[in-house]
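The values are calculated or read from the model by the stated rules, or taken from the named source; none is laboratory data. Everything numeric in this text was worked out from a predicted model, so none of it was measured. So basically every Cβ, Gly included, is an ideal-geometry build from the backbone, and we count neighbours across all protein chains shown. Each accessible area value is taken on the protein alone, full model and side chains, heavy atoms only, with ligands, DNA and RNA left out. Shrake-Rupley method; radii C 1.70, N 1.55, O 1.52, S 1.80 Å.
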Amino acid sequence: MARGDVKILVAGEWRFEIYEQAAFQAFKTLCHEAYRFSWHEYFKSSSDSSLSFFVETFYKKFQNKFMIGPIIRAINSDFIKAVNEYQPNLVYLYRGTHIKRNTLRAIKRNFPRTILLGYNNDDPFAEGYPHWLWRHFLASIPEYDIVLAYRHRNITDFMCAGAKQVHLLRSWFIKELHHPVTLTLEEQKIFGCDVVFVGHYEPDGRLELLEEIVKNGFRLRLFGTGWDTVVRKSRILSNFYPVEAVRGNDYNKALSGAKVALCFLSKLNRDTYTRRCFEIPATKTVLLSEYSDDLATLYQEGIEADFFRTKEELIQKVKRYVEDDRFRQSVAEGGYCRLMRDGHDVVSRMKQVLEWVYQFKSDN
């Protein structure tokens, strides 16, 4: 496989533009031939009558949840057909929950020179996930030529699970989606605030920290998923109900409209950083995150981003950033420059992926 001459099949659920679509477009930006395979469409309901729609929806949701049944067999069969049709040099499989081990084996038999690469942004080895969610993916690990780990701790996990080769591939920001914008007066009414958090709810103390921010008189905005039940019960945050998710341009505006954007690290995924650690500085908004040793290697504290370790430190730092415009702008600019200098955009990430692929090919 010559450099600059790669046919790539990007496969995955393909529901959100920041995952498979971002990688797909980055490969094309790097002047490679890219094709897509999506299994999200297999689970869309199409019946006209309400009863048939209900039955079909339940039937498809059951198979999608437990990854068993005729739809799963069809996905795997069609995936093999797609590889046969496109004959790619590289199969980039994003979060391959629905792809069976025998499917990857069949592809390798038919196309032994095709490199199979798997990437998963979640932590399939963490406690708290149902066992059925990762069973196909975990069983398939030895079949991949290269497995990419989202976090440091998963490198050892993958090697112990039989992976041939593992590299760390952090998440990314997308320049076309995440960038500084000036909000209109109307948009300021929707997104303008002192502090914003955009993300899902986890029972890890983030609710209590957001309550503390409001109690101290700061203007908070909250967007994301899984919040409605807990904010309805919160005496302090009940007026945020219902909490809406924001994506695309609205997500960018939500970050840009805040003086400070918070980042909480998922305990379910055992995260030491997250993609918002790149998306927030890309908008020239100050990143204020839970501290981790890993994050401290990406940004200088108080110069390019900032971290908190306690509730008291969080409130103290929010106060300074809200009140001190010059300091806030300096840190926001520092974070943006570090982000660009270190190349955390998706195109740079896929360029690195291809370097690993070229190296694997030359070694084998």
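A few points about this structure:
- Computed Rg/Rh of the range 63-148, alpha carbon atoms with Kirkwood Rh: 0.96
- Taking 320, 105 and ordering them by how much accessible surface each has at a 1.4 Å probe, largest first, produces 320, 105.
- Accessible surface ranking for 152, 98, 200, 1.4 angstrom probe, highest first: 152, 200, 98.
- Simple Cβ-charge dipole of the chain, Lys/Arg +1 and Asp/Glu -1, about Cα centre, in debye nearest 20: 760
- The range 263-346, dipole about Cα centre (Lys/Arg Cβ +1, Asp/Glu Cβ -1), debye to the nearest 20: 180
- Between 348, 256, 289, the residue with the greatest mean-square fluctuation in the GNM of the chain (Cα pairs under 10 Å linked by springs) is 348.
- Cross-link table 28/108; 28/284; 61/175; 81/175; 61/259; 233/259, entries beyond 29 Å C-alpha to C-alpha: 61/175; 81/175; 61/259
- Proximal charge balance of residue 196 [Cβ under 11 Å; K/R count +1, D/E count -1]: +4
- The Cα center of the range 151-173 and the Cα center of the range 303-364 differ in position by 21 Å.
- Unit charges at the beta carbon, dipole of the range 40-90: most positive-side option, 43, 74, 58: 58
- With all pairs of separate Cα atoms included, the chain yields a Kirkwood hydrodynamic radius of 22.1 Å.
- The chain - mean residue ellipticity at 222 nm from DSSP helices (-39,500 (n - 2.57) per run, n ≥ 4, rounded to 500): -13500 deg cm²/dmol
- Principal-axis analysis of the Cα atoms of the chain puts helix 311-323 at an angle of about 70° to the longest axis.
- Cα centroid separation - the range 200-243 against the range 62-93, whole Å: 40
- Ranked by how many other beta carbons lie within 10 Å on average, peptides 14-21, 336-343 from highest: 14-21, 336-343
- Computed accessible area, residue 185, all protein chains, 1.4 angstrom probe, square angstrom: 150
- Only protein heavy atoms count here; on that basis, with a 1.4 Å probe, residue 53 has an accessible area of about 100 Å².
- Computed about its Cα centre, the charge dipole of the range 197-301 is approximately 420 debye, with only Lys, Arg, Asp and Glu carrying charge at their Cβ.
- Residue 308 - accessible surface, heavy atoms, 1.4 Å probe, Å² rounded to 10: 10
- The angle between the Cα long axis of helix 206-215 and the longest principal axis of the Cα atoms of the chain comes to about 20 degrees, rounded to the nearest 10.
- Per DSSP, loop trypsin sites (Lys or Arg not before Pro) in the range 175-222 with at most 15 further Cβ within 10 Å: 175, 219
- Accessible area in the full protein assembly, largest first, 1.4 Å probe, for 167, 344: 167, 344
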